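What follows draws every value from the coordinates through simple rules; no lab data is involved. Worth saying up front: this structure is predicted, and the values here are computed from it rather than measured. Neighbour counts are summed over all protein chains in view; Cβ atoms, including those assigned to glycine, are modelled from backbone coordinates with ideal geometry.
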C-alpha cells in the first residue's frame, strides 16, 4: 500500500459537525455542500474537501464518535453562514492513498493503522482526516482518490 510520512502546516477548516458512526457522515456532507455552494466556494483556489475525524474508532463507542464534513479554506475567505470554523494542527502525518469507492475506506484505514504498528509510529493527539482529491461527479467510483492522514509524533 502506498504511504509516506509528510509534514503539513496548520489548516483552517469550515464544516458541519457530525456525531455517530463515521460511515454515517453523509448528511453532514450534504449540508456542507449546500452551504459551500451558496457561498460560491467550489472551484476556488485553496478550497479542498475533507472528512475530519476526532476520535479513534478502535477505542470510542460508535455513537460517541465526533467528526466533521469540512472544507479547507484560505484565511482570507470568510466563513459561510451555517458552517463552523476549526483548525487542524500541522505537524507530521502518515499519509496513505486510497483508490476506489468510499465504502471500501474502512479497510484502508485498518491497513493504515497496521502501517503505524509495523513502522512503530506513535499517533499524536490531533484529528485524523481524509482529503478527497476527486469526487464522484468527476471520475468513476473505481478511480476516486482519497488521502488518509493520521497525525504522528
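Over its Cα atoms, what ratio of radius of gyration to 2.2 N^0.38 Å does segment 3-152 give?
Against the compact-globule rule of thumb, the ratio is 1.01.
Please work out how much length the chain gains when fully extended from residue 138 to residue 115, using 0.36 nm per residue of separation minus the C-alpha to C-alpha distance, in nm with one decimal.
Full extension from residue 138 to residue 115 adds 5.3 nm.
Under 8 Å for C-alpha pairs, at least 6 residues apart: give me the relative contact order for segment 43-112, rounded to a whole percent.
It comes to 25 percent, rounded to a whole number.
Does anyone have the angle between helix 26-38 and the longest principal axis of the chain? Alpha-carbon axes, 0 to 90°, nearest 10?
40
Run the helix sum for the chain: -39,500 (n - 2.57) per DSSP H stretch of 4+ residues, divided by residue count, reported at 222 nm to the nearest 500 deg cm²/dmol.
After summing the helix terms and dividing by the residues of the chain, the value is -5500 deg cm²/dmol.
Label-point separation (nm) for residue 60 and residue 81, each offset 7 Å from Cα along Cα-to-Cβ?
Each label point is offset 7 Å from its Cα along the Cβ direction, giving 3.1 nm.
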